[in-house]
Amino acid sequence: MSTSDHSAVPAPAPASFAVTVADVELEPDDLDPAQIVSGDPVVTGKVLWESADGKQVRGIWQITPGVVTDVEANELFVVVSGRATVEVEGGETLEVGPGSACVLREGDKTVWTVHETLRKAYHISC
C-alpha cells in the first residue's frame, strides 16, 4: 500500500474516555482583537475529540474576564467554573455560572461579559 493509500483509510473511532474538566491543561487559543470590546481577555482551550469530517467537536474552553463579541456555532456547553452574561442579539440575556447548561444557535451574534474566568465543556455540531 502506498503512502497516499493510507490517507484514504478512516481513522478508528476514539476509545471511550473521561477527564476532570477542571484539571485539563489548556493551550493558547487565538482571539481576534476585533472581538474585544473591553478588558484584556485571554482564551485557552483543548479539543478532546473531533469527527473525521470536522462536523462535530468536543472540548474544553476558557476565557478570562473582559467583554468580547462572537458569532456562535451550534453549541451545547456546560459551565464548570466562572460566571458570564451572554447577550444574544435579538434574543435573551443569559446568566451562566457553574452547572449552567446553555444552547447557542449557529449564527447567533453574542456579547460575552465575563465576570470571573469561565471554563466550559462543549459540543459543537456544524
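The values are calculated or read from the model by the stated rules, or taken from the named source; none is laboratory data. Here the structure is a predicted model, which is why all the values come from computation and not from measurement. We place every Cβ from the backbone using ideal geometry, glycine too, and count neighbours over all the protein chains shown. For the accessible areas, the whole protein counts, side chains as well, though only heavy atoms, and no ligand, DNA or RNA atoms are used. Shrake-Rupley method; radii C 1.70, N 1.55, O 1.52, S 1.80 Å.
How large, in percent, is the carbon and sulfur part of the accessible surface of the chain at a probe radius of 1.4 Å?
Carbon-and-sulfur percentage of accessible area, whole number: 52.
Each of Thr44, Thr110, Thr69, Thr93 has its accessible area taken with a 1.4 Å probe; listed largest first, they run Thr93, Thr69, Thr44, Thr110. Quick note on segment 28-126: its Rg to Rh ratio, both from C-alpha atoms and Rh being the Kirkwood radius, is 0.94.
Calculate, in nm to one decimal, what Val88 and Val37 gain on full extension: separation in residues at 0.36 nm each, minus their alpha carbon distance.
16.8 nm
Straight-line cross-link partners of Lys55 among the aspartates and glutamates, defined as a Cα under 16 Å from its Cα and at least 8 positions apart when in the same chain: Glu72, Glu75, Glu106.
The calculated FRET efficiency for the pair Ser125 and Val78, based on their C-beta separation and a Förster distance of 25 Å, comes to about 0.95.
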